[in-house]
Amino acid sequence: MKIERQAKILELIVKNEIGTQEELTARLEEAGFNATQATVSRDIREMKLTKIADGTGKLRYVAFKATEEDMNEKYIRIFLDGFVSMDNAGNILVIKTVSGMAMAVAAAMDHFDYPEVVGSIAGDDTIMCAIRSLDDTVYIMGKLKKIIEQH
């Protein structure tokens, strides 16, 4: 069922300009697939769908085939666009972001795949990252500063 549903999602986004999960869920239901918004969200993530702006600026889903290098640059751009500052409280790395960007910046950091980061929690403009140790926190802050300085 999942394979068929994801194939239908791909068909729908190729043939139609679909810009929201709700719209995609409704189109799937019209095609006879019973899927929740959470299922559609998971499918979008698994299929690595992304949104692009059409000629009028309206966003729509597309299947995006990117190289690992393209994806790294994309995540670095997201990190840099949202980053404001960082500080630490022991082994907790606190990152301030532009309002509304904390979740995107946290997702970008997840992609960086630093093994020293145990996990992170993002609010609206603040991310708290649990780091294994104070030394690891200083090390991660150095890596992030390097990304900022190089771009």
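Ranking of Y75, Y139, Y61 by neighbouring Cβ atoms within 10 Å, starting from the fewest: Y139, Y75, Y61.
Between I147 and K58, the modelled label-to-label distance comes to 3.4 nm, taking each label 7 Å out from Cα in the direction of the beta carbon.
With the simple model of a label 7 Å out from the Cα in the direction of the Cβ, S99 to S85 spans 1.7 nm. Relative to the longest principal axis of the Cα atoms of the chain, the long axis of helix 2-15 makes an angle of roughly 80 degrees.
For segment 1-114, report the translational diffusion coefficient in µm²/s to the nearest whole number, using Stokes-Einstein at 25 °C, 0.890 mPa s, and a Kirkwood Rh over Cα pairs.
Details: Rh = 16.1 Å.
Stokes-Einstein gives a translational diffusion coefficient of 152 µm²/s.
Find the relative contact order for segment 1-67 and round it to a whole percent, using C-alpha pairs within less than 8 Å whose residues are 6+ positions apart. Relative contact order of segment 1-67: 32 percent.
Ranking G142, I121, G90 by Cα position along the charge dipole of segment 68-150, where only Lys, Arg, Asp and Glu carry charges on their C-beta atoms, puts G90 farthest toward the positive end. When the helices of the chain are scored as -39500 (n - 2.57) per DSSP H run of n ≥ 4 and the total is divided over every residue, the value at 222 nm lands at -16500 deg cm²/dmol. In straight-distance terms, cross-link reach from K51 covers every one of the lysines whose alpha-carbon lies under 17 Å from its own, apart from those fewer than eight places away in the same chain; here that gives K15, K65, K74. The charge dipole of segment 2-63, taken about the Cα centre with unit charges on the Cβ atoms of Lys, Arg (+1) and Asp, Glu (-1), comes to about 220 debye, rounded to the nearest 20. For segment 68-150, relative contact order (Cα pairs under 8 Å, six or more residues apart, normalised by length) works out to 29 percent.
What's the magnitude of the charge dipole for the chain around its Cα centre, counting Lys and Arg as +1 and Asp and Glu as -1 at the beta-carbon? Answer in Debye, nearest 20.
The calculation lands at about 220 debye.
Using θ = phi - 60° in the Karplus curve 6.51 cos²θ - 1.76 cosθ + 1.60, the 3J(HN,Hα) couplings for segment 102-114 round to 4, 5, 5, 5, 5, 5, 4, 5, 4, 5, 4, 6, 6 Hz; x is entered for Gly and Pro. Less than 5 angstrom separates the built amide H of I18 from those of Y61, all sequence-distant by 5 or more or on a different chain. Residues R45, R5, ranked from the fewest to the most other C-beta atoms within 10 Å, line up as R45, R5. Remark: T137, T20 ranked as T20, T137, counting other beta-carbon atoms within 10 Å and listing the fewest first. Once the mean of 1/r is taken over each pair of separate Cα atoms and inverted, segment 81-135 shows a Kirkwood hydrodynamic radius of 10.9 Å. Across the options L28, N72, G100, the greatest Cα extent toward the positive end of the charge dipole of the chain (unit charges at beta carbon of Lys, Arg, Asp, Glu) belongs to L28. Working from Cα pairs under 8 Å separated by at least six residues, relative contact order for the chain is 15 percent.
All of the numbers you see were taken from the coordinates with simple rules; none came from a lab. Nothing here was measured: the structure is a model prediction, and the numbers come from that model. Note that each Cβ is placed from the backbone with ideal geometry, even for glycine, and that neighbours are counted across all protein chains shown.
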